[in-house]
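Read through the structure below, which is laid out as structure tokens, and then see the notes.
The values are calculated or read from the model by the stated rules, or taken from the named source; none is laboratory data. Just so it is clear, the structure is predicted and the values come from calculations on it, not from any experiment. All Cβ positions, even for glycine, are placed from backbone atoms using ideal geometry, and neighbour counts span all protein chains on display. Heavy atoms of the whole protein, side chains included, go into the accessibility calculation; ligands, DNA and RNA do not. Shrake-Rupley method; radii C 1.70, N 1.55, O 1.52, S 1.80 Å.
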Amino acid sequence: MELLRDLDFSDGFELHHVEKRVTDRPVAIFNLKNTAKQYPSWQLAQWGCKHNLADVTERVNQNGAYEICDESKNVTVDVERGTISLELNTSQEYTVPRQEGEGWPHILIEQKFEKKTKIMQAKRIMLDIELCIDKMICRQKEPVENIHTAQFSWIFALADRSGGKGEGDFIWFGCPIYDRRYPLPGEFRAKDGGKPENTGKYIYFIDSKNYLQEPVAVGKRVHLKFDVTEFMKEAVLDAKSKGYLPDSDVNDIVLDNTNLGWEVTGTFDVGLTFYRLSVDVQ
């Protein structure tokens, strides 16, 4: 069963505000120049950005793809090919290098799953992604420190939707795919922090060596298909053992939503294209 809807992005996007603490509701709807036939299944997030895509209008480029651009971001949707490109130029966001504890710009696509799969009962949760990093340019004139990077991961919220006392509680599960600091990003387990709008929820990222045989190189198209069933089950149990999900039964935790795209904590101009996305469960 495929969990993702609108795989060619033809229904457009809800746009989130740049500041989650202001509102988590959509601030605009991009309907691909009025060609969308249904309300969007996808959301477009621009957390932590100085420039706001809500201030611009859509256009059609010379290739017939739909573009939404502001001073630092460019989102291009090619419905015919079923692709989406996310460009984030933080040289237009940062005036000085980011400091520890400060927020950072994001450009993400997100989707809430209508069909809720219970993690502990799943026989298979297969992820399938085809992508290419189109651009990776360091624009930071000052020394690049460990807190300065450009990265993207495929992230899922594993949440309690039982309607009980733990309703709405969740943890983050992630599959790191690219991090400028490391050839193969490793596992990471910690409380969500490091920026003002952090959720305080548990983060469980697995080691990319589980699905990457070599580093993701700029300009090279990569296709990854891998089973995360046991990793997700372990993430739920690990979180519970550390005091997270205190009012939830692990058997009630479901695949709730997903997001993927750029998080850029240094002064880098970056771009990537997604050619295929699938979350197939049994």
Q. Counting only heavy atoms of protein chains, what accessible area per residue, in Å², does the range 170-282 have with a probe of 1.4 Å?
A. 41
Q. For the range 209-230 and the range 151-197, what is the separation of their C-alpha centers, rounded to whole Å?
A. 18
Q.
Modelling each spin label as a point 7 Å along the Cα-to-Cβ direction, I'd like the R81/T95 distance in nm, to one decimal.
A. 3.7
**Q.** Extension gain, K33 back to D280 (0.36 nm per residue minus Cα-Cα distance, nm)
**A.** 85.9 nm
**Q.** Check: the range 112-186 dipole with +1 on Lys, Arg Cβ and -1 on Asp, Glu Cβ, in debye
**A.** 220
Q) To the nearest 500 deg cm²/dmol, what mean residue ellipticity at 222 nm is calculated for the chain from DSSP H runs of n ≥ 4 alone, each contributing -39,500 (n - 2.57), summed and divided by the residues? A) -1500 deg cm²/dmol
Q: Take Y39, Y211, Y182, Y66 and sort them by solvent-accessible surface of the protein heavy atoms, 1.4 Å probe, largest at the top.
A: Y39, Y182, Y66, Y211
Q. Mind listing which trypsin sites (Lys or Arg not before Pro) in the range 212-282 are in a DSSP loop and have 13 or fewer other Cβ atoms within 10 Å?
A. K220, R221, K242
Q.
List the lysines whose Cα sits under 27 Å from the Cα of K191, skipping any in the same chain fewer than 8 residues away.
A. K20, K50, K112, K116, K118, K165, K201, K209, K233, K240, K242
(Q) Rounded, prolate or oblate for the chain? Axes are the square roots of the Cα gyration tensor eigenvalues, ordered a ≥ b ≥ c, and the cut-off for rounded is a/c under 1.5. (A) rounded
Q | Distance-filtered residues of the range 54-94 - backbone nitrogen under 18 Å, label point 7 angstrom along H223 Cα→Cβ | A | 81-84
Q) Using the Cα gyration tensor of the range 93-212, with a ≥ b ≥ c the square roots of its eigenvalues, what is the shape: rounded (a/c below 1.5), prolate (a/b larger than b/c) or oblate (neither)? A) prolate
Q | Prolate/oblate/rounded call for the range 8-94, Cα gyration tensor, a/c under 1.5 rounded | A | oblate
Q: Using a 1.4 angstrom probe on heavy atoms only, work out the carbon and sulfur share of the accessible area of the range 99-192 in %.
A: 46
